[in-house]
Amino acid sequence: MARRLRPVELDFVETAPLRLVFAAEVSAPPEAVYRALAEDVDAWPSWFGAVTLARPTAGGAGREVRLKGGTRFQETILAAEPGERYAYRVDETNAPGLRALLEEWRIAPAGTGAGPGTGTGTRVQWTFAADGPAPLRLALRVGRAGLGRAFRDAVRSLDRRLASAAA
């Protein structure tokens, strides 16, 4: 059964009782990474293994996301800053225990060459900011390694997808 979560704003990414932050570098430029995150929402299942469906809602102001195992989210986009940031809040979910959830993707140019300012690429940082009862927060902390692995796998897959599209 779907439940409404507490509506949080962008500052929650800094103040949440639980914040899990993951980062990786990819060879694709920031603009391409941003487009894949924010504009090509329907393609998320092709690169993020846990996602089985992603589609824009409310004329692009929201998203519907389904994960393997049946978890569903109705989300509101809170930040869509090309080449920099994409963030959304979960408004409704069937995931037990969550009181609030906000995810933020930060995108910045990253040098992949031998010295500062050389090469091209993007540093991708994903922050998973959540609130829930203590047992849920503990479970998420324990599951941090699995979330990190899912993030790294997704970002590597996205990088391969963007490289083949550019070729």
Quick check, is Arg55 surrounded by 14 or more Cβ atoms within 10 Å (Cβ to Cβ) and of a type in the set (D, E, K, R)?
-> no
In the set Phe22, Phe48, the lone residue that is closer than 24 Å to Leu138 by Cβ, open to solvent by less than 60 Å² (accessible area, probe 1.4 Å) and within 14 Å of the chain's Cα centre (by Cα) is Phe22
- [ ] Please work out if Ala100 is at pLDDT 95 or above, in contact with a helix residue (DSSP H, G or I) (Cβ under 8 Å, 6 or more places away or on another chain) and open to solvent by less than 50 Å² (accessible area, probe 1.4 Å).
- [x] yes
Taking first residues from region 83-107 that are without any contact (Cβ under 8 Å) to a residue 24 or more places away in the chain and second residues anywhere that are open to solvent by less than 20 Å² (accessible area, probe 1.4 Å) and not small (Gly, Ala, Ser), the pairs with Cβ under 9 Å that are 6 or more apart or on different chains are Arg85/Tyr34; Arg85/Glu104; Arg85/Trp105; Arg85/Ile107; Arg106/Tyr86; Arg106/Val124; Arg106/Trp126; Arg106/Thr127
Note: among Ala38, Ala28, just one is at pLDDT below 95, of a type in the set (A, V, I, L, M, F, W, C) and closer than 27 Å to Ala167 by Cβ, namely Ala28
Scanning region 58-97 residue by residue, those touching a Phe, Trp or Tyr at 6+ places or on another chain (Cβ under 9 Å), over 18 Å from Ala2 (Cα atoms) and open to solvent by 10 Å² or more (accessible area, probe 1.4 Å) turn out to be Ile77, Leu78, Ala80, Glu81, Pro82, Gly83, Glu84, Arg85
task = Determine, yes or no, whether Ser164 is in a helix (DSSP H, G or I), at pLDDT below 95 and of a type in the set (Ser, Thr, Tyr).
result = yes
Listed by first then second residue, the pairs whose first member lies in region 130-147 and is surrounded by 12 or more Cβ atoms within 10 Å (Cβ to Cβ), whose partner is assigned to a helix (DSSP H, G or I), with beta carbons under 7 Å and at least 6 positions apart or on separate chains, are Ala130/Leu140
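The values are calculated or read from the model by the stated rules, or taken from the named source; none is laboratory data. Keep in mind that this is a model prediction, so the values were computed, not measured. Positions of Cβ are backbone-derived with ideal geometry, glycine not excepted, and every protein chain shown enters the neighbour counts. The accessibility values were calculated without ligands, DNA or RNA, using every heavy atom of the protein model including side chains. Shrake-Rupley method; radii C 1.70, N 1.55, O 1.52, S 1.80 Å.
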